[in-house]
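The values are calculated or read from the model by the stated rules, or taken from the named source; none is laboratory data. Note that this is a predicted model, so its numbers are computed, not measured. All Cβ positions, even for glycine, are placed from backbone atoms using ideal geometry, and neighbour counts span all protein chains on display.
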Amino acid sequence: MKNNSRRAFMEKAFGAVAGVGAIASLYAMKKTWDPLPSVKAAGFTTLDLSAYEGNKLVTEKWRGKPVFVLKQTPDMVEVAKKKGELKRLIKVGNDYYLVALGLCTHLGCIPGYNPDTKSFLCACHGGTYDSTADVTKAPPPRGLDIPPFKINGNTIVLGEEGPEYKQMLKEGITLRV
């Protein structure tokens, strides 16, 4: 009888150790599959739009890519309304902003902004964009892409898909990036 109780105890002890080992192994595997904190942090960028000035281009960074932020002046908004391009802009409060990836949709070059003409020029092949980042001269096939964003008060969070961004996708204003 003594032998039997010792064997039962050893079986239970072995089972407990094996169970703890299995749980530890599963936890370790899950941790290796999770993205690193630095990767998670690079996925979102928060921009406080109250600091931007009209017709002054600011280049931010999101996921290692340049993002152009351009607060529209009242005359730029009027031109966009007349051309039917207001839908490419993001309205926060009473102001309109261009928020777009700073990569030409032709070959991925970084266009330069001219505040005097209120336009972008991609020097590689001469493609131009207006102040709403819509194409005004080929070869770019479409306007600059708009990154996913979510409006949160006076800030926008790049990397999150808010209802305004989803509407832009639905209307074909931008492609998913």
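Listed values, structure above:
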| item | result |
| --- | --- |
| Members of the stretch 59-96 found to be of a type outside the set (Val, Ile, Thr), buried (at least 18 other Cβ atoms within 10 Å of the Cβ) and part of a strand (DSSP E or B), listed by number | 62, 68, 70, 71, 95, 96 |
| Selection status of residue 115, surrounded by fewer than 17 Cβ atoms within 10 Å (Cβ to Cβ) and modelled with pLDDT of 95 or more | yes |
| Residue count, the stretch 123-136 (criterion: surrounded by fewer than 24 Cβ atoms within 10 Å (Cβ to Cβ), part of a strand (DSSP E or B) and of a type outside the set (A, V, I, L, M)) | 3 |
| Output for the stretch 149-172, where each listed residue is on the phi > 0 side of the Ramachandran plot and either of a type in the set (Phe, Trp, Tyr) or surrounded by 15 or more Cβ atoms within 10 Å (Cβ to Cβ) (or both) | 159 |
| Qualifying position, being farther than 25 Å from residue 63 by Cβ and of a type in the set (Val, Ile, Thr), among 136, 132 | 136 |
| Residues of the stretch 13-59 satisfying the condition of being under 17 Å from residue 159 (Cα atoms) and modelled with pLDDT of 90 or more | 45, 46, 47, 48, 49, 59 |
